[in-house]
Every structure is written in C-alpha cells, then in structure tokens.
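Colleague: Right, I'll just put the structure down here and ask away after.
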Amino acid sequence: METIKNTKIKRSFIRIVILVLLVFSTSVFGQNMTVIPIHTKGTSLVYSVDKTNRLVFQYYGSRIEDIKPFYNQQSYRKLDTNRDLSYEAYPAFGLGNINEPAFAAIQSDGSLNTELEYIEHHTDTSVAGISHSIIKLRDKVYALEIELNTKAYYSEDVITQWVKIINHQSEAIMLKRFYSSFLKVNSGSYYLTHFYGPWAGEMQKVEEKIENGIKIIESKKGVRTTQGENPSFILSLDHPALENEGICYGGALAWSGNYRLSFQIDEWKNLNVLSGINPFLAEWNLKPGETFITPEMIYTFSNKGQGKVSRNFHRWGRKYGMTGGYEPHDIVLNSWEGAYFSFDEKTLNGMMDDAAKIGIEMFVLDDGWFGNKYPRNNDNAGLGDWQTNTKKLPHGLDYLIDHANSNGLKFGIWIEPEMVNPASELAERHPEWIVQSPGREKITWRHQLLLDLSNPQVQDFIYTIVDSLLTTHPKIEYIKWDANRHVEQVGSTYLPDSKQTHFWVAYTKGLYSVYDRIRKKYPDFVIQDCASGGGRLDYGALKFHNEFWTSDNTDPLSRIFIQYGTNLIYPPVATAAHVSTSPNHQTGRVTPLKFRFDVAMTGRLGMELQPKDIKGDDRVFAIEAINNYKKYIRPLVTAGDLYRLLSPYDEGGWASLLYVDPNKKTAALFAFSIEPHSRGLYPTVKLNGLDPVKDYTIKEINENGKSRFWGNGKTFNGEYLMNVGIELQISDQFDSAVFLLNED
Ligand code: GLA
C-alpha cells in the first residue's frame, strides 16, 4: 500500500513539475501559446499557435519526444505590427502567405482575403491505432470555419490530412482553391521522384532535382486521372533517393479526379508542398450552412530511404487503403487477350476447361458479352446496354457461371458502367445523361462518351446496373470495373449554369457515392479497378477495390519497370500481373514463359491468354509455377514486406526484389536479367530485411531444368545473406530466378 501511495505522490509531483515547466516556457519565452504534436511510432508532425493566434507549421519528420523547444521557436522574418512571417499550417491567401496558398476564396462582398485564426483543437483516440486531431480555425472577419483534420496511424508511420470548410454566413462564398494539405520542408536540396506514363506505359519513375520556382504535377482529365501523371511522389533530401538510407517523404493523394501537387522552393529556400483538388476551372459556390470536405492526403516519412516509405505505404494500404488487403486472391484467367470480342459459348467453355486443368481459380469474362440492338462485337457499340448478348451467349450468363463452377472455377465479369456508346439504346433513351457542351459536336474517344455522374439519376443508374447484375447472378464473384476515356468538352445538363465549375468535384464525389453504396451492400465482393489499364490508380479509388489492373501492357520487360514504379507507392497485393502470350500483343516482344511467370509472380498473379495455346513442356512448367505461387509465393505477396535489391533503373541490366514475411521466417527472392550480359558477368544480390541471426535454407523454384545458384539447397545465415550476398547465374537477357528462403 505504502509503495503504491508513494508512487502516486511521485507521479503527481512529476505532473505538476511538467505543468509548471510548460507554463513557465509559455509565459517567459512567450512565443507560442500552444504546441500541437501529432505522433506516430517513428514520426512527429508539430504545429503551434503563435502570439497572434495563427496556427503555424513547425515540423514533420523523425519522432521528437521532447516538444518543449517548440514553445520557444522564433522567426527572423517579421511583418509590421511585429507579426511573424511564419508558415501557416493551412496557408490562406490574405495575410502573410506570400507563397502559393492552400486556400483562397471570394467573400460575398467581393473581399479576396482570408485570415485564419486558431480556435481550439481536440484529439479523438477512440479507434485503436489511430489518433484523429481536429484543429478548428476561423476567419477573423467572416464566419468561415476551416477544420484541419489529421489522422495519425501509429504503427504504420502514416499520417493523412484533409480539411472541412464550413460557411456559417448568410451569403454564399466562392471557393477558388481548397487544397487538402500543406507541408514545409527545409534542406539544402530536394529531389522529387514522381510517376508518369501513357496507356501501356504507366508508373514510369522519374527523379529530378527541384529548382527554384514551382514544379507542378497534375491532372485535368477528370476520369482516367492517373494516365499521364500519378498523384503521388517521394521526396528525398540532399541527394537522389536511396533505397535504405537518407530522409524521404512519401505522399499520395486519395482522389480520382483532377488533382494538383505543387512543389515551390521559396525565397528562403524552404520547400512548400501543396496537395489537393486541382483548382483549374473548379470554383465551388459554398452556400450558407454548407460544408466542403477535401480528399485525404496521405504521407509517410522515413529516415532509412525510400524502401521504408514503400513498406509504410504498403502496410497502411493493406489495412486502411484498399478492400481485402490481407485476403489471398484467386488466380484469374481473364478472357481479354485470349479472345477479345470474338467468342461464343464454346470458346469460353473451352477456356474454362483448360484453365481449370492448369490450376486457375477464377474465370473472368472481359468485354464483349452484352448489347443486343447494338451488339458489342467491337468497341463501336453497345456500352450502356448491360443485357447479355443472346447471339453469342444464347443460354445466358448463368449457363457460363455454372460451367465455371462445375470446373471448380469462380466467375467474374467486366463492366464499364460510367460510359456509353452513341450506338446504344442508353444513348437513345437518355441523351441528357451524357457529359456535353451545348452547341458543340460530341467528340467520341474509343467511340464512347461519358455519363454525367454529377447527376444523381446517373448515380442511381450505375448503382442499379451493378446491383442487378449481382442479384440476378448471385454466383458472380468478381467485377472488373473499367473506364476507357477521360473528360473532354466538359458540361452537365444537370448542373445549373452557375455551377458548371462544380462538375469535376461532383463527378468524382458521385462516383465515390456509387462505390460506397455498392460496398455497403457487398463489403467483401472482389472488384478490380481498371481504367484502360492503370488509369485510375490512386488511394481514393483503391479504398473501394481489392486490386487494380496495373497496365494493359503485359510484356514482362515493360512490367518490370511498371510494377517497380507502382510498388514504390501502392501495395503489391493489389497489383494485378497477368502472364500473357509471346510475342506480346502490345510490344511484339518474344520472351520465355518462365520469365513471364517469374515477373507476374512478384504481384497478384493471373493469366490473360488462350490457355489451350500453352502446350508440352510449357504446360508442365505453367502447372508447376501456378502451384508454387499458391503454396509459397501468394502468402508472401499478400502479407510480406517488399525489399527492392536491384533496380531496373540502375546501370547493370538487372532487377531483383525480395518478400519477407513479417516474422522473418520465410522469404521469396526474385532476380531478373533484363539485358544481355557479357560472359562471366552475374549479379551479386545482397538480401535485406532478414533476421541476421536466423539460418535460412535456400531452394530454387520454377527452375525449368537449370539451377541458377551454387548454394541451392544449402543453409546460410541472415548476416551472410545481407552483407556478402549471393551471386546468381543469370546472364542472358530474360533469364530469371526465384528462390524460397525458409528458417531452419
Ligand atoms: C480496357 C482494359 C482492358 C480490356 C479492354 C476491353 O482497355 O484495360 O483490360 O478490359 O478495355 O475493352
């Protein structure tokens, strides 16, 4: 008893001392009245409230335990009236924000200024592992409130941020820009990795030094918003990003519409990062009492290079950023490259029979199964008419589904519900549902037009398409949701003239409300996110999906680069990677089946070909590889940590990566020779992420008649594997190797 009492007294005393110290530091140094630290396991984000009541951005980086010095933080840069010219946490245009502002609005009386002051903050910790801080700000003159929301995901070292804008006035205000988040970083130099690429060449990594001025990454495409540039980045300080060393920030915006990421080095050499909805032609008229909520910006921080940035994103993504992130997926045969539009029941049944025999677990019927008055025999017609084509499939979908099921296969189907061909019954019935600019010719793209998802009737229509497909055919277990054009000639017959600029945001919010309704009714159902390949790859859409179609380019060499870029930010478990035929249909390149399998097995393995064309030794190999994937690789791609060992972007012509299970008991090593090499030149691969004191036995799989490591079957400790590494006998272009590591 006595000891407990003593401990309690001691604790109270310590608390009083801390309080006195805080009060002392506040009143004596008097710079900041309040300091708001937001911590994860290894990082801290710190804001403070200065003496003029502004919320100031102080810091985001490695975890700071002792926040007292922030009370005394001072700025050398002053405005008149002794105000600090400091960096606001959410910089609004109006006073003291001479860099790009995160927020700007026109008040009802025409005033262009906003001056936000801190009102209060609180933190909600009711959800385990997440602390949600809400900081209320208000304009000094107008009844405009902005809530700065930050969620800190403790174990994943991820923070997300967004704002809620509330108009408490009796007049409307015009929001001119409303970014989600602002970040300030200070260093000698800044290197930005970002991702670009057109159809069939998505997520190519490019890294550049940011120079003075403003670097912008954005989309104005509205729908296939990441075809071009992806809304994500890695920022490395002082030198180009390294895999395992150095300070790196990762950022990804959860938004599938027009976005802008802006990187401005200001006159004091600080880097200002703004992320959010693209303000381009997107003014938002906020009526009295209305609220506007921006998308979430997701950040992570690493002081151990970009490898940790990716692993943080992957861990967060699997748990919070996608559907079914820890569910082992089924191995799919998709009909597209094997049959395109030319199939009948016999073709499809044959594909299913052959697929089942090699170990495939699900058959997905791609484009071409619908439309009667305007049959979908090519991409000219039928989009919008979601009834089974009775000529091609006279016995209906259930007949095919039953055939799949009787072979032990699940069944999935392709839809593209946001679109319409002019040659369709839907376009005849509802021309007003089409995105259009009155008086102008409607220009098609892949012979199709876009439905206006800002219109609630269109939202209901799309929801009903999906819902009735799934209720009429309850044995459908997967949907591939495609979107094959972007916005041109923007215009909505639903939105009033004064709100045409709302279209971009209203479209994306309309899409999310449809996704949300579908997910509420079908929470565990598998949905693939596809937009001409990886055209809608972002954490806004991914949240509602189990996987994304990474690219229409299935060439394994192209895929090594595409998947490398993709997995810098997005989880491998969601990265659909299909083995297709050779020569490849997109590039014409000829590659061995083993190389195609080994590359696809680093992601969410599937196939995209006519399975009857795999014959002889290839067939034997395919069966073995699929079996290996199920037994050994799938659990590691699903829940393991990715360590990149050799980058295809580096000189040398190799690529290598490793998946390690979280307990460090098993791992899978992949290595690829992507260029021809001169005689005797082999890569030495230094492993990573293993336990240095554990012993691992190495076993090659997918060998295909040739062993590629002298130590195959032998045991090595983690320390040796990570420091000395292993030399692999792969040298010819398109040779590859896969090894399993098991703790002894
Ligand atoms: C898009 C998709 C492909 C395929 C076709 C069908 O291009 O990315 O995978 O589904 O549409 O038309």
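Colleague: From the residues GLN586, THR501, HIS486, which one has its Cα farthest along the dipole of the range 472-620 in the positive direction, the dipole being from +1 and -1 charges on Cβ of Lys/Arg and Asp/Glu about the Cα centre?
Modeller: Farthest towards the positive end: THR501.
Colleague: Using alpha carbons only, how many angstrom separate the centre of the range 62-81 from the centre of the range 83-154?
Modeller: Here the answer is 18 Å between Cα centres.
Colleague: Go ahead and run the numbers for FRET between SER498 and SER108, Cβ-Cβ distance against an R0 of 22 Å, rounding to 0.05.
Modeller: Working: r = 14 Å, r/R0 = 0.64.
E between SER498 and SER108, to the nearest 0.05, is 0.95.
Colleague: How much net charge surrounds VAL573 when only other residues with a Cβ under 12 Å from its Cβ are counted (Lys, Arg +1; Asp, Glu -1)?
Modeller: Working: positive: ARG315, ARG318, LYS319, ARG604, ARG634; negative: GLU327, GLU547, ASP641.
Local net charge: +2.
Colleague: Next up: In which sequence would TYR539, TYR326, TYR374 go, from the one with the fewest C-beta neighbours within 10 Å to the one with the most? Could you put the intermediate results ahead of the total?
Modeller: Numbers: TYR539 26, TYR326 10, TYR374 22.
So the ranking, lowest neighbour count to highest, is TYR326, TYR374, TYR539.
Colleague: Using the number of other C-beta atoms within 10 angstrom as an exposure proxy, rank VAL158, VAL590, VAL505 with the fewest first.
Modeller: Working: VAL158 26, VAL590 10, VAL505 22.
Ascending number of Cβ neighbours within 10 Å: VAL590, VAL505, VAL158.
Colleague: Related question: Percent of Cα-Cα pairs more than 35 Å apart in the range 34-321, please. Present the calculation step by step, with values, prior to reporting the outcome.
Modeller: Numbers: 5743 of 41328 pairs.
Pairs farther apart than 35 Å: 14 percent.
Colleague: Dipole of the range 645-743, Cα-centred, from +1 at each Lys and Arg C-beta and -1 at each Asp and Glu C-beta, to the nearest 20 debye?
Modeller: Numbers: 9 positive and 13 negative charges, 48 e Å.
Magnitude of the dipole: close to 240 debye.
Colleague: Then there is this: Once you have a ≥ b ≥ c as the square roots of the Cα gyration tensor eigenvalues for the range 381-426, tell me rounded if a/c is under 1.5, and otherwise prolate or oblate according to whether a/b is larger than b/c.
Modeller: Values: a/c = 4.53, a/b = 2.03, b/c = 2.23.
Oblate shape, in that a/c is at least 1.5 and b/c is the bigger or equal ratio.
Colleague: Treating the beta-carbon of each Lys and Arg as +1 and of each Asp and Glu as -1, no other charges, what is the dipole magnitude of the chain about its Cα centre, to the nearest 20 debye? Walk me through the numbers before you get to the answer.
Modeller: On the way: 79 positive and 88 negative charges, 309 e Å.
Approximately 1480 debye in magnitude.
Colleague: Right, next: Stretched out fully, how many nm does the piece from GLU117 to ARG519 gain, at 0.36 nm a residue minus the Cα gap?
Modeller: On the way: separation 402, 0.36 × 402 = 144.72 nm, distance 3.86 nm.
This chain segment gains 140.9 nm when fully extended.
Colleague: Rounded to the nearest 0.05, what FRET efficiency do TYR649 and ASN723 give with R0 = 35 Å and r taken as the Cβ-Cβ distance? Could you check?
Modeller: Values: r = 24 Å, r/R0 = 0.68.
E between TYR649 and ASN723, to the nearest 0.05, is 0.90.
Colleague: Just check the range 555-691 against the gyration tensor rule for me: Cα atoms, a ≥ b ≥ c as the square roots of the eigenvalues, rounded for a/c under 1.5, and otherwise prolate or oblate depending on whether a/b exceeds b/c. Walk me through the intermediate numbers first.
Modeller: Details: a/c = 1.61, a/b = 1.20, b/c = 1.35.
Taking the square roots of the gyration eigenvalues as a ≥ b ≥ c, the range 555-691 is oblate.
Colleague: Do you know the relative contact order of the range 34-321, to the nearest whole percent, from alpha carbon pairs under 8 angstrom that are 6+ apart?
Modeller: Working: 743 pairs, mean separation 48.8, N = 288.
RCO, the range 34-321: 17 percent.
Colleague: If you don't mind, there's one more thing I want to ask. Could you pull out every one of the lysines with an alpha carbon less than 22 Å from that of LYS699, ignoring same-chain neighbours closer than 8 positions?
Modeller: List returned: LYS594, LYS630, LYS631, LYS664, LYS665, LYS686, LYS714.
Colleague: Once the Cα gyration tensor of the chain is found, what semi-axes does its equivalent ellipsoid get, as square roots of 5 times the eigenvalues, in whole Å, sorted largest first? Intermediate values should be presented prior to the final figure.
Modeller: Working: eigenvalues 407, 262, 98 Å².
Taking √(5λ) for each eigenvalue gives 45, 36, 22 Å, largest first.
Colleague: Where in the chain are the DSSP H helices whose alpha-carbon span along the long axis reaches 24 Å or more and whose Kyte-Doolittle mean is at least 0.0? Working shown, then result.
Modeller: Details: long enough: 2-29 (40 Å, 0.96); 503-521 (27 Å, -0.51).
Once both thresholds are applied, what remains is 2-29.
Colleague: Take the alpha carbon gyration tensor of the range 645-743, find the square roots of its eigenvalues, order them as a ≥ b ≥ c, and report rounded if a/c is under 1.5; if not, report prolate when a/b exceeds b/c, else oblate. The partial results should precede the final answer.
Modeller: Working: a/c = 1.94, a/b = 1.57, b/c = 1.24.
Here the range 645-743 falls in the prolate category.
Colleague: Would you calculate, for the chain, the mean residue ellipticity at 222 nm contributed by helices, counting each DSSP H stretch of 4 or more residues as -39,500 (n - 2.57) and dividing by all residues, to the nearest 500? Intermediate results must be reported in sequence, preceding the final value.
Modeller: Values: 14 runs with 160 residues, N = 744.
After summing the helix terms and dividing by residue count, I get -6500 deg cm²/dmol.
Colleague: Quick one: if you stick a label point 7 Å off each Cα along the C-beta vector at ASN627 and THR464, how many nm between them?
Modeller: 5.0
Colleague: Suppose R0 equals 56 Å. What FRET efficiency, 1/(1 + (r/R0)^6) with r the Cβ-Cβ distance, do ASP618 and ALA128 give to the nearest 0.05?
Modeller: Details: r = 49 Å, r/R0 = 0.88.
Result of the calculation: an efficiency of 0.70.
Colleague: Placing +1 on the Cβ of each Lys and Arg and -1 on the Cβ of each Asp and Glu in the range 34-321, which of ILE217, PHE233, GLN74 has its Cα farthest towards the positive end of the resulting dipole?
Modeller: Looking along the dipole axis, the top candidate is PHE233.
Colleague: Working out 0.36 nm times the residue gap between LYS164 and ASP266, then minus their Cα-Cα distance, what length gain in nm do you get to one decimal? List each step's numbers first, then the result.
Modeller: Values: separation 102, 0.36 × 102 = 36.72 nm, distance 2.70 nm.
Contour length minus Cα-Cα distance gives 34.0 nm.
Colleague: Next question, about the same structure. Compute the distance in nm between two label points, each set 7 Å from the Cα along the Cα-to-Cβ direction, one at LYS391 and one at THR444.
Modeller: 1.7
Colleague: What full-extension length gain, to one decimal in nm, is calculated for LYS304 and ARG77 as 0.36 nm per residue of separation minus the Cα-Cα distance? Before the final figure, lay out the partial values.
Modeller: Numbers: separation 227, 0.36 × 227 = 81.72 nm, distance 3.28 nm.
Extending this stretch completely gives an extra 78.4 nm.
Colleague: Which percentage, to the nearest 5, of the DSSP beta bridges contained in the chain is antiparallel? Please report the intermediate quantities before stating the final value.
Modeller: Working: 137 of 168 bridges.
The antiparallel proportion sits near 80 percent.
Colleague: Relative contact order, percent, of the range 645-743 when contacts are C-alpha pairs under 8 Å separated by at least 6 residues? Please list the in-between numbers first.
Modeller: On the way: 221 pairs, mean separation 35.6, N = 99.
Taking the mean separation of contacting Cα pairs over the length of the range 645-743, I get 36 percent.
Values quoted throughout were computed directly from the atomic coordinates according to the rules given, and no laboratory measurement underlies them. Since this is a predicted model, take the numbers as computed values, not measurements. Virtual Cβ from ideal backbone geometry, glycine too; neighbours counted across all protein chains shown.
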